[in-house]
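K.L.:
Just passing along the structure, written as structure tokens.
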Amino acid sequence: MNLTDSHCHLDYPETDADALIKAAEEAGVSRMLTISVKLSDLSPVRIAERYPNVFASVGIHPEYAAEEERKTTFEALCLATNHPKVVGLGETGLDYHYNSNTKEEQKRLFRLHLKAAKATGLPVIIHTRDAEEDTLDILKSEAAPSLSGVLHCFSSEAFLAEEALKLGFYISASGIITFNKAEKLRQTFKNVPEDRLLIETDSPYLAPVPFRGRANEPAYVVKTAEKLAEIKGISVEKLAETTTRNFLTLFKKAV
Ligand code: NI
């Protein structure tokens, strides 16, 4: 199999990146994108430098908006992408579930990432939770032919997926689609065109069934792929091929 984990965090404490990358390769995961959450800590880029099949992003997670916003400039964001293994901007976006007290900082940083994405031509990796309306407003106001990206770990209302698809974005499925309660979300993914789908672990979080409760890792993206293939009514091999092709179409620098 030729799977791609389009979103993982290989630099988190307690994470043995070398062992996890090896286990992933053995499970058929031939490509990984390890995601930055702060501009002041680019250890994901250092990991990507050590492996030909691991790539990195640079950006600021909404959780860190308050502490990073003031010191982050458009120029600094663009400059950080100037590295052969940096293939995207993010993760950025809006999280009103955990961080509803920093909405203004989150929105300003989200816009800054979208502007940097347009200026550099790189795709943007978007985290959105309990913030459908504001996410869509900002995406629409910054929309441009040169702007593309992915709504990662998608778990929002279906209308956000539909509108983001119209704007040219991709939708990424995580282990959440394997959870018992996620019937509505599975229905949403049923309606996403095959050529706009990505898959991911978001490891070390959100381990898919049957690994729930354990630390997640890129090798487990196989379980999400199996579930998504079932939802789409295709073989897991075809799903792997399609989502890897989509990944390389969006993240052109990873080709
Ligand atoms: Ni993440």
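The values are calculated or read from the model by the stated rules, or taken from the named source; none is laboratory data. Just so it is clear, the structure is predicted and the values come from calculations on it, not from any experiment. As a convention, Cβ positions derive from the backbone with ideal geometry for all residues, glycine included, and neighbour counts pool all protein chains shown. What goes into the accessible areas is simple: the full protein's heavy atoms, side chains included, and nothing from ligands, DNA or RNA. Shrake-Rupley method; radii C 1.70, N 1.55, O 1.52, S 1.80 Å.
K.L.:
Under the condition of being open to solvent by less than 30 Å² (accessible area, probe 1.4 Å) and in contact (Cβ under 8 Å) with a residue 12 or more places away in the chain, which residue from the stretch 225-235 is farthest from V86 (Cα to Cα)? Write out each step before concluding.
P.N.:
Step one: list which residues in the stretch 225-235 are open to solvent by less than 30 Å² (accessible area, probe 1.4 Å), which gives 225, 228-229, 231.
Applying the additional criterion that residues be in contact (Cβ under 8 Å) with a residue 12 or more places away in the chain yields 225, 228, 231.
Values: A225: 25, L228: 28, I231: 32 Å.
Among them, the one singled out is I231.
K.L.:
Could you list all residues from the stretch 11-37 that are open to solvent by less than 30 Å² (accessible area, probe 1.4 Å) and either among the β-branched types (V, I, T) or within 16 Å of the ligand (Cβ to nearest atom) (or both)? If you could, list the steps in order and put the result at the bottom.
P.N.:
If we filter the stretch 11-37 for residues that are open to solvent by less than 30 Å² (accessible area, probe 1.4 Å), which is where we start, we get 17, 21, 24, 28-29, 32-37.
Residues satisfying the conditions are A17, I21, V29, M32, L33, T34, I35, S36, V37.
K.L.:
When you scan the stretch 51-65, how many residues do you find that are open to solvent by less than 10 Å² (accessible area, probe 1.4 Å), touching a strand residue (DSSP E or B) at 6+ places or on another chain (Cβ under 8 Å) and assigned to a helix (DSSP H, G or I)? Give the steps one after another, and end with the answer.
P.N.:
Residues of the stretch 51-65 open to solvent by less than 10 Å² (accessible area, probe 1.4 Å): 54, 56-60, 62, 65.
Now narrow it down to the ones that are touching a strand residue (DSSP E or B) at 6+ places or on another chain (Cβ under 8 Å): 54, 56-60, 62.
Subset that is assigned to a helix (DSSP H, G or I): 62.
Total satisfying the criteria: 1.
K.L.:
Being under 17 Å from the mean Cα position of the chain (by Cα) and buried (at least 23 other Cβ atoms within 10 Å of the Cβ) is the requirement here; does L147 meet it?
P.N.:
Working: under 17 Å from the mean Cα position of the chain (by Cα): yes; buried (at least 23 other Cβ atoms within 10 Å of the Cβ): no.
In short, no.
K.L.:
Just one of T249, T188 is open to solvent by 10 Å² or more (accessible area, probe 1.4 Å), under 21 Å from T135 (Cα atoms) and of a type in the set (S, T, Y); which is it?
P.N.:
Values: T249 fails: under 21 Å from T135 (Cα atoms).
Of the residues listed, the single one that is open to solvent by 10 Å² or more (accessible area, probe 1.4 Å), under 21 Å from T135 (Cα atoms) and of a type in the set (S, T, Y) is T188.
Each row is one residue, and each column tells you yes or no for (1) in contact (Cβ under 8 Å) with a residue 40 or more places away in the chain; (2) under 15 Å from the mean Cα position of the chain (by Cα); (3) within 15 Å of the ligand (Cβ to nearest atom).
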position: F74; (1), (2), (3): yes, no, no
position: C78; (1), (2), (3): yes, no, no
position: N82; (1), (2), (3): no, no, no
position: T92; (1), (2), (3): no, yes, yes
position: Y98; (1), (2), (3): no, no, yes
position: E104; (1), (2), (3): no, no, no
position: L109; (1), (2), (3): yes, no, no
position: A116; (1), (2), (3): yes, no, no
position: G121; (1), (2), (3): no, no, no
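K.L.:
What single numbered condition from (1) under 25 Å from F154 (Cα atoms); (2) modelled with pLDDT of 95 or more; (3) open to solvent by less than 20 Å² (accessible area, probe 1.4 Å) fails to hold for E68?
P.N.:
Unmet condition: (2).
K.L.:
Continuing with this model, one more query. Condition first: among the aromatic types (F, W, Y) and touching a helix residue (DSSP H, G or I) at 6+ places or on another chain (Cβ under 6 Å). Now tell me which residues in the stretch 182-215 satisfy that.
P.N.:
Of the residues in the stretch 182-215, the ones among the aromatic types (F, W, Y) are 189, 205, 211.
F189, F211, listed by residue number.
K.L.:
Every residue in the stretch 101-140 that is of a type in the set (S, T, N, Q) and open to solvent by 70 Å² or more (accessible area, probe 1.4 Å), please. Spell out the reasoning first.
P.N.:
Of the residues in the stretch 101-140, the ones of a type in the set (S, T, N, Q) are 101-102, 106, 120, 128, 135.
Matches in the stretch 101-140: N101 only.
K.L.:
Which is of a type in the set (S, T, Y), surrounded by 16 or more Cβ atoms within 10 Å (Cβ to Cβ) and within 16 Å of the ligand (Cβ to nearest atom), of Y205, Y170? Talk me through it step by step, then tell me what you get.
P.N.:
On the way: Y205 fails: surrounded by 16 or more Cβ atoms within 10 Å (Cβ to Cβ).
None of the other options fit; the residue is Y170.
K.L.:
Can you pull out the residues in the stretch 71-116 that are in a helix (DSSP H, G or I) and within 15 Å of T128 (Cβ to Cβ)? Break it down stepwise before answering.
P.N.:
Let us first name the residues in the stretch 71-116 that are in a helix (DSSP H, G or I), namely 74-80, 100-116.
The answer is S100, T102, K103, Q106, K107, L109, F110, R111, H113, L114.
K.L.:
Taking the condition of being open to solvent by 60 Å² or more (accessible area, probe 1.4 Å) and in a loop (DSSP other than H, G, I, E, B), how many residues in the stretch 173-185 meet it?
P.N.:
We begin by selecting, within the stretch 173-185, every residue open to solvent by 60 Å² or more (accessible area, probe 1.4 Å); these are 180-181, 183-184.
This time we only want the ones that are in a loop (DSSP other than H, G, I, E, B), so: 180-181.
Total meeting the criteria: 2.
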